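First the structure, in the form of structure tokens, and then the observations on it.
Coordinate-derived values only; no laboratory data. Bear in mind that the values here come from a model prediction, so they are computed numbers and not experimental data. Here the Cβ positions follow ideal geometry from the backbone for every residue, glycine too, while neighbour counts run over all protein chains shown.
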Amino acid sequence: MSPIVSPARPREHFPRPRLRLLRGNGEPHPEGLPTSDRGRPGLQALGGERVAAPVVLLAGGEVTRRAGLRQELAGTVSRRTVFVEADCAGEALEHAPRSRLVVLAGDLEDLSGEDMIRLLAQRQPRLPVISVDAGLPVAASGRA
């Protein structure tokens, strides 16, 4: 048996479209594309916005307990993760909207852990809350 061979035909060269930097209204940008050191067009994020680092809120009345949780979690999450601590309900509610996760280490100075979970569930229903009480992690659904 002979292998199937495609007939040789000359390669057709199609003109490649040139990339152009456009404004929001579709008009060409006067500065054109930025170039890298080698003279090729470089890639650049539009608007210059950076992706925000994930924030984990550690809430609890005891500083040593929050520090222990921070140390444990730092080994399991991304190095970009930012930890924010709160020891009272007001601080926790202030940081909650910008957080991806709340880790509740017992009671806060001015509110019980259970009440804090309920309050977060009402104000931030999609925010995951983990309550670490008596050494055993218990996940809260975030829904009251």
Quiz item: Among 112, 78, 131, 99, what is the fewest-to-most ranking by other Cβ atoms within 10 Å?
Solution: 78, 112, 131, 99
Quiz item: Could you give me the ³J(HN,Hα) list for segment 63-68, computed from phi with Karplus coefficients 6.51, -1.76, 1.60 and θ = phi - 60°, whole Hz, x at Gly and Pro?
Solution: 5, 5, 5, 5, 5, x
Quiz item: How far is it, in nm, from the label point at residue 52 to the one at residue 72 when both lie 7 Å from their Cα along the line to the Cβ?
Solution: 2.7 nm
Practice problem: Measure off 7 Å from each Cα along the Cα-to-Cβ vector at residue 80 and residue 101, then give the distance between these two points in nanometres to one decimal. | Solution: 1.6 nm
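Given 0.36 nm per residue, what is the gain on full extension from residue 65 to residue 94 after removing their alpha carbon distance, in nm? If you can, show how the numbers build up before the last one.
Numbers: separation 29, 0.36 × 29 = 10.44 nm, distance 2.07 nm.
Going from the current span to full extension adds 8.4 nm.
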Exercise. Taking 7 Å along the Cα-to-C-beta vector as the label spot, tell me the residue 109-residue 133 distance in nanometres, rounded to one decimal.
Key: 2.1 nm
Practice problem: Compute from the Cα atoms of segment 55-140 the Rg and the Dmax, the latter being the longest Cα-Cα distance, and quote both in angstrom. | Solution: 11.5, 31
Quiz item: Which whole-Hz couplings ³J(HN,Hα) result when phi for each residue of segment 113-129 is put into the Karplus expression 6.51 cos²θ - 1.76 cosθ + 1.60, θ = phi - 60°, listed in order with x for Gly and Pro?
Solution: x, 5, 5, 5, 4, 5, 5, 5, 5, 6, 8, 10, x, 8, 7, x, 10
